[in-house]
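Please treat every number below as a calculation from the coordinates, not as lab data. Just so it is clear, the model here is predicted, and its values are computed rather than measured. All Cβ positions, even for glycine, are placed from backbone atoms using ideal geometry, and neighbour counts span all protein chains on display.
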Amino acid sequence: MSSLPLVFDAPRRGLPPTHFADLDPGARRAAVTELGLPGFRADQLSRQYYTRFENDPAAMTDLPAAAREKLAALLPTLLTEVRSTTTDDGMTRKTLWRLHDGALVESVLMRYPARGDSRERVTVCISSQAGCGMACPFCATGQGGLTRNLSTAEIVEQVRAAARAAARGDLGGGPGRLSNVVFMGMGEPLANYNRVLATLHRLIEPAPAGFGLSRRSITVSSVGLVPAITRLADADLGVTLAVSLHAPDDELRDTLVPVNTRWKVAEVLEAADIYAAKTGRRYSIEYAMIRDVNDQAWRAELLGDLLAPRLAHVNLIPLNPTPGSEWDASPKNVERAFVERLEVRGVSVTVRDTRGQDIDGACGQLAAAP
Ligand code: SAH
């Protein structure tokens with residue numbers, strides 16, 4: 001589509017061979033038939049992949065050996081674990097993956113014990129691109145530029161691996177069930193729109209055809225690519241939208257989120273409003289608290305005034321340090337004052353924890369260094 005801006009045209013080069021997880025249910029049957037197997041083998045494979053989190057044909061012992069051999073063609077190895085690092089008493093686990101062409105990405109698995117009336121959550125933070133082209137100066141991923149888009153299956157495989165790790169008890173607290181997926185790892189998900197959309201279908205498709213995750217437990221986080229937010233609203237999937245705002249005024253946002261020079265704060269919020277109207281659910285505004293940069297009282301007031309009439313929730317993220325950056329997180333008293341200024345305007349606010357900071361696994365720290 002030539003009328004779409006360049007950001008939708010991120011490189012196609014380097015994509016891996018087709019994998020089972022790239023395929024929708026109809027295409028799975030066709031692919032299996034093409035291998036000379038009966039169509040129902042596709043359903044067995046779906047059950048292995050999406051409910052047992054199995055990707056090794058040799059382990060699929062409910063299938064005859066001859067079928068397993070043929071099906072291996074649909075299960076090329078896309079992600080090879082380079083290393084996993086664990087912290088927060090085993091409750092946070094970051095994995096570095098090598099892709100078929102040597103590109104590196106990271107994903108982070110986090111367990112949040114039940115508290116009060118909220119149930120336990122097991123969340124995986126996944127990458128949608130190797131690197132990122134959005135160039136936000138406070139984000140480690142943004143500093144390295146974009147290597148390439150991930151294929152649908154490369155994204156889905158991160159989720160499968162996380163679900164398997166959780167089920168096997170690789171996290172502190174014993175075996176658990178993956179409940180949430182956030183597109184807050186490396187990359188701008190809406191710059192890899194079609195593959196991210198296909199991934200969302202795999203995530204929400206009821207088991208055994210997909211992982212059967214609840215729509216609202218999936219969060220797509222974006223710098224604010226307005227046409228893509230509108231498309232996602234039209235797709236009507238009901239997943240949660242998060243917008244990385246980081247400044248309420250265009251002058252500062254132009255520097256913190258460079259794509260703001262293309263789509264301004266007002267346009268981004270309008271697109272998010274359309275999304276909220278469509279889904280009936282509030283969106284999140286992400287705001288990294290950067291000392292003396294975006295944490296002033298007047299910015300809190302401006303942000304509060306902008307958001308008060310909207311179906312939005314603010315998620316403040318204490319800035320996580322990145323190599324070579326001069327910037328710091330705001331002091332706690334400044335953070336508290338910022339929260340209060342939003343709350344008096346009736347805006348709901350939470351402050352995100354800094355999970356994984358010591359293993360460079362917190363928001364904005366994913367650099368996939370080998
Ligand atoms: N490209 C998507 C996903 C990025 S990561 C997006 O921009 O939304 C998820 C969040 O972490 C984004 O809000 C991002 O701006 C934020 N982030 C990036 N670097 C950070 C840092 N150093 N400290 C805290 N948050 C950061």
Original post:
By how many nm would the segment from residue 274 to residue 305 lengthen if fully extended, with 0.36 nm per residue of separation less the alpha-carbon distance?
Top reply: 9.3 nm
Original post:
Tell me, which cysteines of the chain are without a disulfide-compatible partner by the Cβ under 4.7 Å rule?
Top reply: 125, 132, 363
**OP:** Using only alpha carbon pairs under 8 Å that are at least six residues apart, calculate the relative contact order of region 20-74 and give it in whole percent.
**Re:** 27
Original post:
Taking the Cα centre of each part, how many Å lie between region 217-264 and region 311-347?
Top reply: 18
Original post:
Say we join alpha carbon atoms closer than 10 Å with springs in a Gaussian network model of the chain; which of 241, 197, 109 then has the biggest fluctuation?
Top reply: 197
Original post:
Hey, any idea what Rg/Rh is for the chain, computing Rh the Kirkwood way over Cα pairs?
Top reply: 0.97
**OP:** Treating the angle as unsigned and between 0 and 90°, give the value, to the nearest 10°, between the Cα long axis of helix 297-307 and the longest Cα principal axis of the chain.
**Re:** 60
Original post:
What GluC sites (Glu not before Pro) in region 86-158 are in a loop by DSSP, with at most 15 other Cβ atoms within 10 Å of the Cβ?
Top reply: 120
**OP:** Two decimals is fine: what is log10 I(q)/I(0) at q = 0.21, 0.23, 0.30, 0.31 Å⁻¹ for region 20-74, from a Debye sum with one equal scatterer on every Cα and no solvent?
**Re:** -0.67, -0.82, -1.45, -1.54
**OP:** At 0.36 nm per residue, minus the direct Cα-Cα distance, what do residue 52 and residue 115 gain on full extension? Give it in nm, one decimal, please.
**Re:** 19.9 nm
**OP:** Starting from the Cα of residue 214, step 7 Å toward the Cβ, then list every residue of region 117-161 with an amide N under 15 Å from that point.
**Re:** 117-123
Subject >> Cut-off 12 Å between beta-carbons: net charge of the residues surrounding residue 64, Lys and Arg +1, Asp and Glu -1 >> reply: +1
Subject >> 29 Å Cα-Cα reach of residue 264 towards lysines, excluding residues that sit fewer than 8 places from it in its own chain >> reply: 278
Original post:
Over the chain, what is the percentage of antiparallel beta bridges among all DSSP beta bridges, to the nearest 5?
Top reply: 50
Original post:
Any idea what angle helix 193-204 forms with the longest principal axis of the chain, computed on alpha-carbon atoms, 0 to 90 degrees, nearest 10?
Top reply: 70
**OP:** Measure nothing fancy, just the Cα-based angle from helix 40-51's long axis to the longest principal axis of the chain, in degrees from 0 to 90, nearest 10.
**Re:** 40
